[in-house]
Amino acid sequence: MSITVLKPGLQTTIQSRPRVGMRHLGVPAGGAADTLSLALANRLLGNAWYEPALEATLLGPTLRFDSPCTFALAGAHATPTLNSKEVFMHRAIAAAAGDELVIGSAMVGARIYVAVAGGFGADDVLGSTSTNLQAGFGGLQGRALAAGDELQFPEGAAKKCETPDEFRPPMSTSWAVRVCESVETEQFAATSRDELFGTNWTIGRRADRMGLQLEGPGLRVSSDGRMPSAGVFPGTVQCPEDGAPYLLSVDAGTVGGYPRIAQVARVDRHLLGQLRPGDHLRLLLRDPDEAIEALRAKLDYWREWLPDIEEILL
């Protein structure tokens, strides 16, 4: 059972669960940039939430089904077509051999997830089939899809299913994420601290799975470029000497040498995968107890539709 890639899109990779417990060896967690959308696509097909799926960034692929298949789409808003007829996100869709799926452009949000019943075949490396583009392993030969690739999947079908309206995450061009202070927040001048949490930042053109540069007022920190390298994580906000904050994302390295001025709370970390250049972002300062309570409330909300939500929003 296979699908042929006719056009690969801007950057389409196979993604799954993160690689957990290996940061001390220099291996980033990786995985889907938006784990919630990955889980929603897989949920429609009866898959485990982490079954390998396609993650398409900004411009999705064109695919030909060489075998009958049931698929589902979630994530960024788009207008996909199957044999030139519009199909909808958040529902299981049957395709026949010879059908062509055109994902098209993400209109709002950054990443679209394409799941198939049973999940795509992929290289399992260090406990995950997710593609690590920097190291070149996992997924399909550790790289983005290319025209002519054949994607394998097991034989099987899924029952018709739709995501309930209340479990369809909204997409936007203006976002807000909850953050806590980090280790070097105190190195800020008072005015810069106020600007960090009081500015509507713009996502710059330097935006990918490694991280996103925030455009706005220049910030001032007192590290003088002499800070030793220290551990960082997805969601860490660093401030280089040029004063432009950099928000680390899912494929970020494990250490960095710039002051860590904030940390996106676990409750909102999955949202980073949908930020795109030109979007606006507000960092909402919360103390750790508030962030924990927000996470508990979000887990309680999603558990009805996604019972494994604690693993999904890791």
**Study point:** Most positive-pole-ward Cα, ALA294, GLN263, CYS239, against dipole of the stretch 174-312 from beta carbon charges
**Key:** CYS239
Check your understanding: Longest segment of the chain with no chymotrypsin sites (Phe, Trp or Tyr not before Pro) in a DSSP loop having at most 15 other Cβ atoms within 10 Å?
Key -> 89-304
Practice item. Write out the trypsin sites (Lys or Arg not before Pro) in the stretch 197-253 meeting two conditions: DSSP loop, and at most 11 other Cβ atoms within 10 Å of their Cβ. Key: ARG226
Review point. Which trypsin sites (Lys or Arg not before Pro) in the stretch 91-181 pass both tests, a DSSP loop state and at most 12 other beta-carbon atoms within 10 Å?
Key: LYS159, LYS160
Point to revise | Per-residue HN-Hα couplings for the stretch 92-108 [Karplus 6.51, -1.76, 1.60; θ = phi - 60°; Hz; x = Gly/Pro] | key: 6, 10, 8, 10, 9, 4, x, 5, 10, 10, 10, 6, x, 8, 6, 8, 9
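Roughly what % antiparallel, to the nearest 5, for the DSSP beta bridges in the chain?
Of those bridges, close to 90 percent are antiparallel.
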Point to revise | Within the stretch 153-236, GluC sites (Glu not before Pro) in DSSP loop having at most 13 other beta-carbon neighbours inside 10 Å | key: GLU155
Check your understanding: In what order do HIS77, HIS270, HIS90 fall by count of nearby beta-carbon atoms within 10 Å, going from fewest to most?
Key -> HIS77, HIS90, HIS270
Revision key, fill the gap. In whole Å, largest first, the alpha carbons of the stretch 119-186 cover along the principal axes 53, 38, 25
Revision key, fill the gap. Helix-only [θ] at 222 nm, the chain, -39500 (n - 2.57) per DSSP H run of 4+, per residue, nearest 500, equals -3500 deg cm²/dmol
Study note, to complete from the structure: Sorted by chain and then number, the residues having a modelled amide H within less than 5 Å of the amide H of LEU285, at least 5 places away or on another chain, are VAL179
Revision key, fill the gap. Expected vector for the stretch 259-264, Karplus 3J(HN,Hα) from phi with 6.51, -1.76, 1.60 and θ = phi - 60°, integer Hz, x for Gly and Pro, equals x, 8, 9, 6, 9, 5
Check your understanding: Pick from ALA262, ALA76, ALA135: which is most flexible by mean-square fluctuation in a GNM of the chain where alpha carbon atoms under 10 Å apart are linked?
Key -> ALA135
Revision key, fill the gap. Computed about the Cα centre, the charge dipole of the stretch 149-298 from +1 Lys/Arg and -1 Asp/Glu charges at the Cβ has a magnitude in debye, to the nearest 20, of 120 debye
Review point. Considering the dipole of the chain built from charges on the beta carbon (Lys and Arg +1, Asp and Glu -1) around the Cα centre, which of ALA230, ALA144, PRO28 is farthest to its positive end?
Key: ALA144
Study note, to complete from the structure: What the Cα atoms of the chain span along the principal axes, largest first and in whole Å, is 62, 38, 33
Point to revise | For the stretch 53-68, Karplus couplings with θ = phi - 60° (6.51, -1.76, 1.60), whole Hz, Gly/Pro x | key: 9, 8, 10, 9, 9, 6, 10, x, x, 10, 10, 10, 7, 8, 9, x
**Study point:** Neighbour-count order for LEU281, LEU58, LEU63, LEU38, fewest beta carbons within 10 angstrom listed first
**Key:** LEU58, LEU281, LEU63, LEU38
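Values in this text are rule-based calculations from the coordinates and carry no lab data. Note that the structure is a prediction, hence the values are computed from the model and not measured. Neighbour counts run over all protein chains shown; Cβ positions are idealised from the backbone, glycine included.
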